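**Student:** What follows is a single structure, and I will ask about it in a moment.
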Amino acid sequence: MRDLPNNAPRPFRHLARAAAVALVLLGVTATATACAGDDPDSLTVYSGRSEKLVGPIFEAFTAETGIALEVRYGSSNDLALLLAEEGDKSPADVFLSRSPGPAGFLDDLGMLATIEDEVLERVADTDRSPDGTWVGFAGRGRVLVYNVDEVDPADLPDSVFDLTGPEYAGRVAVPGSNSSFQDWFTLFRLRNGDDVAIEWLDAMVANGSRFYPKNGAIVEAVGRNEIQFGLVNHYYNFQKVAANGDAQRSANHGFAAGDDGGLMIIATATVLDSSDEQDAANRLLAHLLSDEQQAYLTGKVYEYPLALGVAPAAVLPPVPADRVGAVDIDDVAAEFTRTIEIIEASGILDQ
Amino acid sequence: MAAAFALPGGYVTWRVIGGTESPLALLASHRTLAPLWRTVQLAVLVSASTAVLGTALAWITTRTDLAGRRFWRIVVPLPLVYPSFVGAAAFISGLSPGGIVHDLAGDLGFDLAIRLHGLTGAWLVLTLFTYPYVYLPVAARLASLPTAFEENARLLGDRPARVFTRVVLPQVGSSIAAGSLLVFLYTVSDFGAVHLMRFETLTQTIFRTRLFDRDRSFALALLLLLLALLVVAAERTIARAGARRGALLAGDGTVGDRRALTVGLGRWSVPATGLVAGVVGLALVAPAVSLADWGLFGWIRSRRGGASLRLDWGDVLGPTWNTVWIAAVTAVVAVAVVLPVAYLTTRHRNRLGGVVNAVVVAGFAIPGLVVALSLVFWTLHASPFDALVGSMPVLVFAYVVHFGAQAVRTAQVAVDTIPRRMEDAARLLGAGRVRRLATVELPLMLPGLAAGGGLVMLSTMKELPATLLASPIGFRTLATQVWDTYEALFLPEMAILALVLLGISAVMTWLLVVRRSDHLR
Amino acid sequence: MLNKRVDPARPSAQDRAAEYLAVQDLTVAYDGPAVLHQVSLEVAAGEVMALLGPSGCGKTTLLRTIAGLERQVAGTVRLGSRVLGDGRDFVPPERRRIGMVFQDGALFPHLDVGQNVAYGLPRSERRSTRVAETLEIVGLAGLEGRRPGSLSGGQQQRVALARALAPRPDVLLLDEPFSSLDTSLRVQVRSEIHHLLLELGVTTVFVTHDQEEAFVLGDRVAVLNEGRVAQVGSPDELYRRPANRWVATFVGDANLLAVTDAVGTCQTPVGPIPVADVNATGRTAGGPAELLVRPEDLRLAEGSTGTVELVEYYGHDAMVRVLLGDGSTVHARTGADVRWQRGDPVGVTYVGPGAVPLGV
C-alpha cells in the first residue's frame, strides 16, 4: 500500500520520555560522585602515564597524606586537548604528560600555574621549564635498539649520523610519527640547525630506512629480525625483556656520550592554574620527586630518575647527556609544527 | 533528537571557522589531498570486500545445513570486539616471524613470510575486523525473511547458487548496503589499524597534528565529515533505488512464518566450512592465540617465580562489570533513540528524513576523540548541563552519538519489514499507537533491532577515546584497561584482559543478538 | 443458538432502518488523480454486501476508507447515527468498532492463536471465555496455544475471522478473504463462513474480484469500475438486468446481439427475441441497441441455424459455441447430456423471458 501521511505514526513520546528519565536518574547518581572532586581532601589528576606505571605512586601518596586522588588516564595529547576544551572549568589539579610537548601546549594557553620553588629545585634546571610551569619527574632515553643475533655489539655505531651509511641501508626503523621521536627531532634540529637535520633525515630516507608508527612495534620487529635497528625509547626493550626473557632477541644501545642521537625525553608534571588546591597539588609533585618514588620509577619501571641524588638503576644504559628542556624553546607549538612539516616533507612516513 | 547527533559536526565547524588558517587553503594542499585519496581508496576496498565476505558468511550460517551453525552464529560476529589496536597488533605479531601463528605454521611446513603493511595490510586487517558490520544485519534480515520465494525458486529448478543471486541477494541488498556503509565509515574513522599498518589516512593525520596544528586537525576532521555525508547520501540514493526494485520481492511477507529453508551443502560443505572456519580462524582465533600466547607466557613466568603478573581480580572484575552494563545501557538507549529516526526516515521519505539520516549516520565517521571533545565543549557551554561533564549520561550520550549510526540502518530495515497489514489489523482491533508499538511492532522488529543494538554494544565495549575522556573520572572498562596495559607494554596482562573482553562479548552476543534473532524462528 | 452465545453487537432498532452503513459521495485520492469518484453506497443492518470489480477498480480502497485506513478527500462515511469521517472530522480506525479480515489473515506471527483472538478485546475480557467461545464458533476450539505459522491457510483465515469477531464489531469487513486459499479449500471455507455470517447476522462488507463469490455470499452486490459504482443490486438483478454492457459482461457470460430498434420482438440471427420493457436503469427501450442474451436463454435443437464450433464440458452443464450464418458466434448452455459435436449443424432458439436491451 501507499504511504499514508495522515495515518502515519507519531513520534515515540513515551519511549523518549522513558529514556530521558533514565538519563536524569543516571545523572543524579553520577553528579553525586562527581561532586566528590570538590572535597578539599582530594585531588584530580589527568595522567598521560599509564596506571600500571604510576598507579602505585598515587596509592603511596594517598596512604601518606590521606588525600584521595581521582585520576583520569589517557593519552597525553588527548588529555591536553581535553584540558584546553575544559578551560578554567576543568576539574583537574595536576596534569602528568609523557613529554614536555603537551605541557608546553597548555603553557601557551596560559593554563599552567607556577610550581613552588621547593619542588622545582628537586631537579636539575635542565629538567624543568625556565618559567617553572612544568617539572620533569622521569626520563626515557632515545637509544638504538638492535637485534642481538644479527648485530655484533662491536659494530654498533657511536653516532646517529652513522646510520646514513651503506652498512645500515634498509636496516633502520624510524618512528616518524611518534611524539617521542618528534621531541627528539625538534631538539636535534635546534642544536644542529634545520639544514643539517633535513639533510640527515633525507639521507635516512635515501638509505632505505623504514617507517614504523610506534616504539613498541619497532622493538617487536627488531626482536623478530624483521628489521635490525630502530630508533626508540630505551624503556620498551626492558618491558619486552621483562615479559619475554631470553626469547626477546633485542637489546638497547646508547650512542656515545654527547652524541645528538641520545636524548632524554622527560615526563613532566604540571599544576593547573585553575586548581583551587595549589598546595596539595605541589605536595603531589614533591611526592613524585621524593627519593622513594624516584627509586620506584627507576627500579621497577626502568626509567631514569630526575630528582637530584637518586641514581638510575644499574641495568639502564648511561644517562643521555641531552634532554628536552636543555634547549630553551621559545615557541613550542611553532617548533613542533615545523618538525612535523619537515618529517612529512622528507617522505619517511611513506617508507 | 537529530540535533544531538549534529553536535560533533557543529563543534568541528565552529573550530574550523574560529581557526587562524584559511580552511580552504588547508584543504587544498597536497598534504591533505594525499591522505584523502588514501582514505577513499582503503574505505572503498574494505567496503567491497566486507560486503562479499559478510554476506557469504550470513547466508552460509543461516540458510545452509552447515554443521554447528549455532556455534558459528555466535563466533562469527566476534572479531568486531577487538579494539583495533589490539586486534591489529596481535594479528601482526602472530603472523610475523617469532609470532605463534607463524611458528605453528612453520612447524606444519608452511612459510608465512608475510610482511603486512601499507594498503594491503590495512585492507586485510580491516576486512577481517569489520565484516561483522555486514554479517549481522544481513543475517538478521535473512532470519526474518519468508523463505517462500526461495522455495519457489528451488521448485522452479534453480540451483542454490542461482537462488542466491536471483532471489536472496535482491532481498538483502539494503542490508548489505547498510552494513557496507558502516564499514566505510568505520574505515574512515579508524586509527588503530591504519596506524599499525603504517598507512597514512586522514584520521592518522588528524591524530598526528591534533595538538600542534589544531587548525589543520579540525579542518581535516571537517573534511572527513563531509566525505562521510557524501557517502551516506549516495548510499541512501542507491538504497532507495534498490528498495524500489526489490519491493516486489521483499514485499511484506509474514515475518519468520516458518522454519528457514536450509540448503543442503552436499559436496560444498567442506569449502563452506573451510571459508567460515578460515575467516574465524584469521580474524578471531589468530589474534586470540597471540593473546593467549602472551597471557600464558606471563602466567607461566609468574608461576616459575619470575616477574609476577601485575594484575589482580579487582583489575578484571570491576572493569568487566562496567563494560557489561555500560554497553548494554548504551545499546538500549541507542536503539530507543534511533527508532524514531528510523520511522521518520522510512515512513516519511522526504528531505528532512534524508538530512536526519545523514547527520545520524555520519556521526560514526567522526573519530571518537572528536566526539568526546565536542560533547565536553557543548555541555560546558550549555549552562544547566555543565554539571554533567564527566558523568554517565554524557558518556552514554557520547557513545550513542558516535555509534547510533550502527543501529539506524538495521532499525530502518526492521521498520520496513513490518507488514503494513499487521499495523492495520491491530488498529482495527482498537490498539492505539503505544499498544501497537509494544505488542506488534517491537516484537516483529526485534531481530533487526537486536542486531543493531548488538553492533552498538560491541562497539561500545571496545571504545577507547570517548571512554577515556568523557567518562566519570575513575570509570574503568576492559577497553581502558587493555589500553593502559598496552601503553605500559605489559603484554601478558593486556592479553588476559583482552581475552576477558572477548569472552564476555561472546556471552553478550549470544544473549542479546543470536538468541533474539532465533526467537521468531 | 449460535446467536445467543456470540452476540455480535446488534444494531439498535433505529439503526436497522434501511441504511445502517452509509457511504455518501466519497472521493479518495492519493497523491495523484482520484481513486474513488463520489461513491455512494448503503448497507442495511445485517446485510452482506459484496464489492465486486476488476483489480484497480477501487474496491479495496473503498473498504479501507470505511475502515479508516485511508482518508477521504470529500464525502461521508456514517455508521448508524455516528459519523466516522466526513472530510473534516475523522474517527481513527482504532475507535470505529469495525472488524476486518485481511487477504492473508495478517495474524500476528509472534502471538499464539488465543492471544491473536484476544487482541481486540478489552483488557478485562482477554482472559474470559470469550476467546474460547469465538474460536468454537469458527470451528477451531482448543487451538488457543498454537502458533499461526503451524496452521493451514484455511485455519488461519478462520482465526482471522475469530479475531475480528471477538470484540463484537458493528461492521465486519473482509478483503478478498479467500483469495490466498487453494481452489478446493476456497469453496469449503467460503461456505463455512457464509453459513457463519448468516447465523450471526453481522453486517458485512466484503471485497472480491470473483463474480461467483460475490453472488454466492452477497445479499447485494456493488459493482465498481474505474472508481465509480457501476451498479448496486441483488445478484439476480445484476445478472438479469445489468445497467450497461460493461456490467453485463463482467458479471457473467453474455451474448450481445445488435438490433436496429429494440422494441417489441426483434429479429436476430437466432430468430425472434422479445424485448423486455425496460432495462435496469429504467430507460424505455427503443432505437438501436444490443440485446443481452445469456447462454442459458438459448436452446439447441436439430436444425441449421449454425454450426457447432466448440464444446466445453463442465459436468453439470456444457457451453457450446455456435458459428452462425452471418459469421458471428453465440454461446449456448446445454444440459450435461451434450449431443453435439464439433462440426454438427444445429438449430438455435431463444427460450428466455425477454432480453434486456443495452445502449450502444
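The values are calculated or read from the model by the stated rules, or taken from the named source; none is laboratory data. Since we're looking at a predicted model, the values are computed, not measured. As a convention, Cβ positions derive from the backbone with ideal geometry for all residues, glycine included, and neighbour counts pool all protein chains shown.
**Student:** Run A:Ser274 past the list (1) at pLDDT 85 or above; (2) not in a loop (DSSP other than H, G, I, E, B) and report the number of the one that doesn't hold.
**Tutor:** (2)
**Student:** I would also like to ask the following. Please give the number of the condition C:Ser184 fails out of (1) at pLDDT below 85; (2) touching a Ser or Thr at 6+ places or on another chain (Cβ under 9 Å).
**Tutor:** Exception for C:Ser184: condition (2).
**Student:** Still on this structure, I have one more. Go through B:Arg409, B:Arg427 for me and flag whichever is assigned to a helix (DSSP H, G or I), surrounded by 21 or more Cβ atoms within 10 Å (Cβ to Cβ), among the charged types (D, E, K, R) and touching a residue at least 12 places away in the same chain (Cβ under 8 Å).
**Tutor:** Result of the check over B:Arg409, B:Arg427: B:Arg409.
**Student:** Working carefully through the options C:Glu70, C:Glu42, find the one that is at pLDDT below 90, in contact with a strand residue (DSSP E or B) (Cβ under 9 Å, 6 or more places away or on another chain) and either within 14 Å of chain B (Cβ to nearest Cβ) or surrounded by fewer than 21 Cβ atoms within 10 Å (Cβ to Cβ) (or both).
**Tutor:** Only one candidate passes the filter, namely C:Glu70.
**Student:** Right, something else. Could we say that B:Leu512 is closer than 17 Å to B:Leu80 by Cβ, surrounded by fewer than 24 Cβ atoms within 10 Å (Cβ to Cβ) and either away from chain C (no Cβ under 13 Å) or in contact (Cβ under 8 Å) with a residue 60 or more places away in the chain (or both) here?
**Tutor:** For B:Leu512, the condition - closer than 17 Å to B:Leu80 by Cβ, surrounded by fewer than 24 Cβ atoms within 10 Å (Cβ to Cβ) and either away from chain C (no Cβ under 13 Å) or in contact (Cβ under 8 Å) with a residue 60 or more places away in the chain (or both) - is met.
**Student:** Something else now. Suppose we keep only residues that are assigned to a helix (DSSP H, G or I) and in contact (Cβ under 8 Å) with a residue 24 or more places away in the chain within region C:239-261. Which one would you say is farthest from C:Leu173 (Cα to Cα)?
**Tutor:** C:Arg245
**Student:** Need the failing condition index for B:Leu442 against (1) buried (at least 23 other Cβ atoms within 10 Å of the Cβ); (2) modelled with pLDDT under 90, just the number.
**Tutor:** Of (1) buried (at least 23 other Cβ atoms within 10 Å of the Cβ); (2) modelled with pLDDT under 90, only one is false for B:Leu442: (1).
**Student:** If you don't mind, another one. Just wondering, is there one or more residues in region C:78-85 that are facing another protein chain (nearest Cβ under 10 Å) and without any contact (Cβ under 8 Å) to a residue 60 or more places away in the chain?
**Tutor:** no
**Student:** Are there any pairs, at least 6 apart or on different chains, whose C-beta atoms fall under 9 Å, with the first in region A:80-92 and closer than 16 Å to A:Ser47 by Cα and facing chain B (nearest Cβ under 7 Å) and the second β-branched (Val, Ile, Thr) and assigned to a helix (DSSP H, G or I), and if so, which?
**Tutor:** A:Leu82/B:Val376; A:Glu86/B:Val376
**Student:** All but one of (1) touching a residue at least 60 places away in the same chain (Cβ under 8 Å); (2) more than 13 Å from chain B (Cβ to nearest Cβ) hold for A:Val222; state the number of the condition that does not hold.
**Tutor:** (2)
**Student:** Can you tell me which residue in region B:416-436 is farthest from the other protein chains (Cβ to nearest Cβ), limited to those that are aliphatic (A, V, I, L, M) and out of contact with any Pro (no Cβ under 8 Å at 6 or more places or on another chain)?
**Tutor:** My answer is B:Ile418.
**Student:** Every residue in region C:86-134 that is free of Cβ contacts under 8 Å to residues at least 24 places away in the same chain, closer than 21 Å to C:Leu36 by Cβ and either within 12 Å of chain B (Cβ to nearest Cβ) or not in a loop (DSSP other than H, G, I, E, B) (or both), please.
**Tutor:** Scanning region C:86-134 gives C:Phe90, C:Val91.
**Student:** Quick check, is B:Leu128 in a helix (DSSP H, G or I), more than 14 Å from chain A (Cβ to nearest Cβ), modelled with pLDDT of 75 or more and under 17 Å from B:Ala277 (Cβ atoms)?
**Tutor:** yes
**Student:** Looking at (1) over 30 Å from B:Leu499 (Cα atoms); (2) out of contact with any Lys or Arg (no Cβ under 9 Å at 6 or more places or on another chain); (3) at the interface with chain A (Cβ under 10 Å from one of its Cβ atoms), which is the one condition that is false for B:Leu352?
**Tutor:** (3)
**Student:** If you don't mind, another one. Looking at A:Ala138, A:Ala197, can you tell me which residue is in contact with a Lys or Arg (Cβ under 7 Å, 6 or more places away or on another chain), at pLDDT 85 or above and surrounded by 20 or more Cβ atoms within 10 Å (Cβ to Cβ)?
**Tutor:** The unique qualifying residue is A:Ala197.
**Student:** Then there is this: Give the residues of region B:447-472 that are within 14 Å of chain A (Cβ to nearest Cβ) and either touching a Cys at 6+ places or on another chain (Cβ under 8 Å) or more than 16 Å from B:Gly179 (Cβ to Cβ) (or both), sorted by residue number.
**Tutor:** Answer for region B:447-472, where residues must be within 14 Å of chain A (Cβ to nearest Cβ) and either touching a Cys at 6+ places or on another chain (Cβ under 8 Å) or more than 16 Å from B:Gly179 (Cβ to Cβ) (or both): B:Glu463, B:Leu464, B:Pro465, B:Ala466, B:Thr467, B:Leu468, B:Leu469, B:Ala470, B:Ser471, B:Pro472.
**Student:** Please verify whether A:Phe229 is away from chain B (no Cβ under 14 Å) and buried (at least 20 other Cβ atoms within 10 Å of the Cβ), treating the condition exactly as stated.
**Tutor:** Considered against the rule, which asks whether it is away from chain B (no Cβ under 14 Å) and buried (at least 20 other Cβ atoms within 10 Å of the Cβ), A:Phe229 comes out as yes.
**Student:** Going by the conditions given, is C:Val263 modelled with pLDDT under 90 and crowded, with 19+ Cβ neighbours inside 10 Å?
**Tutor:** Here the answer is no, as C:Val263 does not meet what is asked.
**Student:** On to the next question. Which of (1) at the interface with another protein chain (Cβ under 7 Å from one of its Cβ atoms); (2) at pLDDT 85 or above; (3) in a helix (DSSP H, G or I) is the odd one out, the single condition B:Phe397 does not satisfy?
**Tutor:** (1)
Listed here are the residues, each with its yes/no results for (1) of a type in the set (A, V, I, L, M, F, W, C); (2) part of a helix (DSSP H, G or I).
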| site | (1), (2) |
| --- | --- |
| A:Ala269 | yes, no |
| A:Asp279 | no, yes |
| A:Asn282 | no, yes |
| A:Leu285 | yes, yes |
| A:Gln293 | no, yes |
| A:Tyr296 | no, yes |
| A:Tyr302 | no, no |
| A:Ala311 | yes, no |
| A:Pro317 | no, no |
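**Student:** Okay, moving on. Being facing chain B (nearest Cβ under 10 Å) and not in a helix (DSSP H, G or I) is the filter here, so list the residues in region C:147-163 that pass it.
**Tutor:** Answer for region C:147-163, where residues must be facing chain B (nearest Cβ under 10 Å) and not in a helix (DSSP H, G or I): just C:Arg147.
**Student:** Here is a further query. Does region C:173-200 hold any residues that are out of contact with any strand residue (DSSP E or B) (no Cβ under 6 Å at 6 or more places or on another chain) and crowded, with 17+ Cβ neighbours inside 10 Å, and which are they?
**Tutor:** Result: C:Phe178, C:Leu181, C:Arg186, C:Val189, C:Arg190, C:Ile193, C:Leu196, C:Leu200.
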